[in-house]
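> Here it is, the structure, as structure tokens.
The values are calculated or read from the model by the stated rules, or taken from the named source; none is laboratory data. None of the values given here were measured: they were computed from a predicted structure. In this analysis, Cβ positions are derived from the backbone assuming ideal geometry, glycine residues included, and neighbour counts consider all displayed protein chains. In case anyone asks, the SASA skips ligands and DNA or RNA and just uses the protein heavy atoms, side chains included. Shrake-Rupley method; radii C 1.70, N 1.55, O 1.52, S 1.80 Å.
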Amino acid sequence: MSHVTNLTPDWVSNLPIHCAILHVFDTEALQSIAGFDQWAADVLLTSQAVQPITPNVARYQFVPTIRANLLNRLRRECPRDEPALHQRAFEYYLQRMLGRDGALVLFDESAALHHLRMLRELNLDYMRWDEIDSMIAQLRALPTLQQEHADELTLYTAANTMRAQQYEESKTLMLQLLARPDLAPDLRAATHNSLGILAMIQGHLEQAIAYFERPLNTPEPINPSHIGGALVNLSWVYHQMNQFDTALDLARRSLEYFRSNGDLYGEAYALYTIGNNALYLGLLTLAQEQLDQAASIYTMAGMDARSAMVNWARGMLYQILGDHTQSEEAYLYALQIAESSGTSNLITARDTLELLSLLYQTQGRLDQAATLCMRAITLGERIGDEHRLAQTRHRLSSIQLQQGQFDPAFSGLSAAISAIEQIRAATEGEQIKLGLLSTVQQIYETTVLACLQHDDVAGAFEYVERARARAFLDLLARRDAALVSALAEHPATLADTQALLDHETVLLEYYTIGVLPPGNHFLRQIPETNAHLRELLLLKPEIIVFAITREQAFVHRIDFDPNLLQPLPGDPASGRHLLTERKLTWLHHLLIEPIHEQITQKRLVYIIPHGPLHYVPFAALRSPSGATLLASDGPALAYAPSATVLRTCLERRRGNGTINTAIGYNGSGSTALQLAEYEAEQIGLLTGGHVYTGTPAKTALLFEQAPHIRCLHITGHAVFLPNDPLGSYLLLGTQDRLDAQTIIQKLQLAVDLVTLNACTSGLSHVVAGDELLGLPRAFLFAGAPTIVCTLAEVDDLASYILMVMFYENLAFGQKPAAALHAAQNTLRTMTQADLSERMSRGNAPQAAREHAARDSGHTYPFAHPRYWASFMLIGRP
């Protein structure tokens with residue numbers, strides 16, 4: 001037979017598209033599976049459309065580009081035929097193996113496994129798992145099964161076992177596969193993806209990320225479908241942590257992979273994932289476009305199980321927009337499919353039940369809402385995702401509270417919080433821990449309000465403490481288990497906190513409720529006409545303050561929206577927008593006057609802000625008479641991230657350091673300071689310490705001396721990075737940056753005091769759980785019990801004078817909080833003559849002397865709060 005060197009374009013385009021499912025074939029397979037006659041089969045097998053796979057056996061495969069074109073046509077023109085064709089091919093090759101041996105059987109076995117593989121991939125969308133189990137059993141019965149094929153069947157068995165909620169058995173099978181050093185790269189990547197899915201289903205998100213990242217980082221060449229799958233799966237992990245921007249980016253990357261490899265159904269799933277993340281980001285038009293595109297592919301292919309998922313998301317979209325009729329229709333359609341025996345999907349059913357319950361709750365159909373929520377909990381218990389189950393329990397508790405069923409509601413909330421804290425404690429990665437905490441804040445808020453509703457002040461305080469700074473305490477416990485393991489497991493109770501206080505001290509712990517997530521979020525897109533949904537998803541904004549003395553505890557609820565205190569995104573001077581007389585008086589009225597009696601006659605006030613209140617300059621708050629909270633005859637102020645962290649600072653042993661160290665660097669160029677290096681020299685003289693100034697790098701020296709330092713003073717530039725708070729840094733010399741992450745990882749101090757006289761050195765990024773990410777947190781972790789720092793940009797001259805007075809007061813025996821309080825009051829009442837006299841001492845730089853001598857036009861040049869209110873003491877006073 002003569003060889004056909006070329007096929008005309010028409011002939012290629014007219015090839016029967018059903019032959020696209022063939023991976024390896026010969027004349028007999030073309031005739032039996034694809035319906036070719038003898039002549040057409042001969043023409044094809046001698047054409048450039050196919051290529052032989054071995055010189056000895058007449059077996060062929062399509063040129064990849066031609067097969068991809070045929071498969072694309074099949075899926076777009078008659079997609080519902082594809083599963084039946086693979087089933088026919090599988091049965092055909094299985095029959096051919098009977099009675100054969102040698103190379104022929106091995107080829108047929110490979111072909112049969114290929115069609116099983118394709119059916120399994122299709123069933124990720126069709127979800128007809130019983131068919132796959134039967135085919136696995138048939139192949140396993142073969143006496144000649146190759147090891148690589150046996151490994152692949154083991155993975156499929158593990159995946160189906162996982163879908164039957166037999167998680168430990170599934171995990172054992174997959175780990176046994178990974179233990180094989182000769183496991184094929186593609187199979188290893190597929191196993192990592194499956195293990196990631198198992199971890200994600202169970203709510204073990206840290207493990208899931210680690211498994212999904214393996215295929216992305218392997219040096220071995222693997223099938224692009226594993227890359228696309230890992231990316232889209234990672235997207236869902238970050239979605240569960242409310243990191244929707246990251247999730248959207250990963251889903252878009254997966255879409256590129258699927259499209260570039262002609263994977264239509266992978267493309268559809270990526271579109272659905274993009275639409276879902278866009279939905280949560282409030283990008284409702286984008287969400288609808290992507291969901292519609294995914295739906296058109298799934299409808300065309302008859303993939304009802306996937307259509308259920310799209311309709312679940314559509315139901316949420318309609319619910320946000322306030323179209324309850326279309327929302328209910330979409331949810332009911334999704335639920336009908338998800339619960340059907342042919343395409344059972346427990347996760348989609350659970351999610352749909354929970355959202356339909358929320359819809360009914362907004363409509364006042366509370367009994368129906370509670371029934372649906374209990375069904376969702378039953379499914380959640382079968383699935384085993386404790387993180388998501390906690391959120392569902394919270395939804396049921398909120399319904400029960402509306403029904404006046406306090407006891408079962410509170411029991412559900414307690415169970416939800418216990419589960420959350422177990423997951424949090426088992427999670428190592430801090431960013432993942434923070435992501436988990438971001439999804440559950442309303443559970444704590446609801447619990448606190450429920451306690452207050454029943455006048456349980458101690459219970460409310462306990463849950464406030466359990467809600468905040470937990471990731472930091474977990475981190476701290478891993479460094480110094482002997483000191484704080486008990487604190488990490490048992491947050492400070494009201495009784496514990498009162499025991500910390502003497503009769504001249506009061507602790508003010510604030511707790512904000514109803515704070516909107518930062519950035520884009522669908523909560524910001526809910527129309528005013530759909531206000532009841534907003535109220536259920538975001539509790540009415542308010543501020544709660546606990547005023548605690550050694551003898552008593554008072555609770556005040558402030559009817560004020562804390563979202564109004566949020567700085568603008570990326571604002572490097574957060575808090576400065578509040579430094580106007582009108583705003584300071586207004587904030588005093590809101591935050592201080594309700595508990596003014598508890599502050600009166602106190603020597604020390606601990607302030608524990610929360611949420612946007614971290615940006616409030618409490619020292620500058622003004623009473624109607626014009627008196628500020630910072631007053632010469634008033635209390636000193638000390639701050640802490642939580643009562644539990646404060647207890648940790650107070651119970652830290654006194655430092656055993658023997659030297660004092662002062663580091664100063666003016667910087668260079670237009671941002672150069674005049675007095676930083678001079679200040680370090682003066683502090684060195686006052687403390688008898690070592691002084692390091694100028695351009696040389698100092699970080700290495702600091703790390704070397706750290707175990708021996710008693711008092712550490714750093715003055716110069718601090719740079720706060722709102723989008724990367726752990727990358728915020730102190731500039732210690734030319735190109736010598738000491739960032740928060742490095743401090744956490746490497747610095748170990750035994751100090752009594754750390755002073756950071758650098759602009760924004762005290763500024764932190766407030767994330768969910770009231771975790772503060774920035775330099776103060778890093779130094780607390782490094783071992784500092786007391787930190788003095790600045791909340792906003794400060795004047796170079798004013799901060800120098802204040803620091804010198806602060807250390808002078810320490811030298812006279814005052815404790816740090818009292819010393820800072822006195823220095824701030826002296827600075828704000830300093831006259832121009834006082835300033836000139838102080839600057840005439842020593843060898844201050846000439847430019848600074850001229851600045852001090854210049855007639856400012858004010859008798860008290862530093863009276864404005866911008867000169868002194870930003871200084872704060874954190875920790876032990």
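> Hand me the list of strands (runs of 3 or more DSSP E) wholly inside segment 590-670 holding 1 or more residues that are within 21 Å of Leu494 (Cα to Cα) and at pLDDT 90 or above.
604-608, 636-639
> Related question: Can you say whether Leu286 is open to solvent by less than 50 Å² (accessible area, probe 1.4 Å), in contact (Cβ under 8 Å) with a residue 12 or more places away in the chain and not charged (D, E, K, R), as far as the supplied structure shows?
Details: open to solvent by less than 50 Å² (accessible area, probe 1.4 Å): yes; in contact (Cβ under 8 Å) with a residue 12 or more places away in the chain: yes; not charged (D, E, K, R): yes.
Judged against the criteria, Leu286 is a match.
> Hey, does segment 359-366 have a residue that's at pLDDT 90 or above, closer than 29 Å to Gln166 by Cβ and of a type in the set (A, V, I, L, M, F, W, C)?
No.
> Take Tyr463 and decide whether it is modelled with pLDDT of 80 or more, buried (at least 16 other Cβ atoms within 10 Å of the Cβ) and out of contact with any strand residue (DSSP E or B) (no Cβ under 8 Å at 6 or more places or on another chain).
yes
> Also, quick follow-up: Consider Lys540 against the criteria (1) assigned to a loop (DSSP other than H, G, I, E, B); (2) open to solvent by less than 30 Å² (accessible area, probe 1.4 Å); (3) among the charged types (D, E, K, R): it satisfies all of them except one. Which criterion is unmet?
Of the numbered conditions (1) assigned to a loop (DSSP other than H, G, I, E, B); (2) open to solvent by less than 30 Å² (accessible area, probe 1.4 Å); (3) among the charged types (D, E, K, R), the odd one out for Lys540 is (2).
> In addition: If I filter segment 521-536 down to residues being in contact (Cβ under 8 Å) with a residue 12 or more places away in the chain and more than 22 Å from the chain's Cα centre (by Cα), which single residue comes out as most open to solvent (accessible area, probe 1.4 Å)?
Thr529
> Tally up the residues in segment 161-186 that are open to solvent by 20 Å² or more (accessible area, probe 1.4 Å) and part of a helix (DSSP H, G or I), please.
Residues flagged as open to solvent by 20 Å² or more (accessible area, probe 1.4 Å) and part of a helix (DSSP H, G or I) within segment 161-186 amount to 12.
> Return the residue satisfying two criteria in turn: it lies in segment 303-345 and is within 22 Å of Ile201 (Cβ to Cβ) and surrounded by fewer than 18 Cβ atoms within 10 Å (Cβ to Cβ), and of such residues it is modelled with the lowest pLDDT.
Only one residue tops the list, namely Gly342.
> Further, regarding this structure: Only one of these is closer than 30 Å to Ala450 by Cα and surrounded by 22 or more Cβ atoms within 10 Å (Cβ to Cβ): Ala620, Ala643, Ala636. Name it.
Just a single option satisfies the conditions, and that option is Ala643.
> Given the conditions (1) in a helix (DSSP H, G or I); (2) at pLDDT 95 or above; (3) open to solvent by 10 Å² or more (accessible area, probe 1.4 Å), report the number of the one that Asp834 does not fulfil.
Among (1) in a helix (DSSP H, G or I); (2) at pLDDT 95 or above; (3) open to solvent by 10 Å² or more (accessible area, probe 1.4 Å), Asp834 violates only (2).
> What are the residues in segment 256-276 that are open to solvent by 20 Å² or more (accessible area, probe 1.4 Å) and either in contact (Cβ under 8 Å) with a residue 24 or more places away in the chain or at positive phi (or both), if any?
Scanning segment 256-276 gives Tyr257, Ser260, Asn261, Gly262, Asp263, Glu267, Tyr269.
> When only residues in segment 14-41 that are part of a loop (DSSP other than H, G, I, E, B) and free of Cβ contacts under 8 Å to residues at least 12 places away in the same chain count, which is nearest to the chain's Cα centre (by Cα)? Steps first, please.
Residues of segment 14-41 part of a loop (DSSP other than H, G, I, E, B): 14-16, 22-24, 26, 33-37.
Right, trim to free of Cβ contacts under 8 Å to residues at least 12 places away in the same chain and you get 14, 37.
On the way: Asn14: 52, Asp37: 59 Å.
So, considering only residues that are part of a loop (DSSP other than H, G, I, E, B) and free of Cβ contacts under 8 Å to residues at least 12 places away in the same chain, the one nearest to the chain's Cα centre (by Cα) is Asn14.
> Among the residues of segment 797-805, is there at least one that is modelled with pLDDT under 90 and touching a strand residue (DSSP E or B) at 6+ places or on another chain (Cβ under 8 Å)?
No, that holds for no residue.
Each row is one residue, and each column tells you yes or no for (1) in contact with a helix residue (DSSP H, G or I) (Cβ under 7 Å, 6 or more places away or on another chain); (2) part of a loop (DSSP other than H, G, I, E, B); (3) open to solvent by less than 10 Å² (accessible area, probe 1.4 Å).
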residue: Cys711; (1), (2), (3): yes, no, no
residue: Ala718; (1), (2), (3): yes, no, no
residue: Leu721; (1), (2), (3): yes, yes, no
residue: Leu732; (1), (2), (3): yes, no, yes
residue: Leu738; (1), (2), (3): yes, no, yes
residue: Thr742; (1), (2), (3): no, no, no
residue: Gln745; (1), (2), (3): no, no, no
residue: Leu749; (1), (2), (3): yes, yes, no
residue: Leu756; (1), (2), (3): yes, no, yes
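> Every residue in segment 852-877 that is at pLDDT 90 or above and either surrounded by fewer than 13 Cβ atoms within 10 Å (Cβ to Cβ) or in contact with a Phe, Trp or Tyr (Cβ under 6 Å, 6 or more places away or on another chain) (or both), please.
Met872, Ile874
> How many residues, within segment 346-366, are more than 21 Å from Asn530 (Cα to Cα) and surrounded by fewer than 21 Cβ atoms within 10 Å (Cβ to Cβ)?
Total satisfying the criteria: 2.
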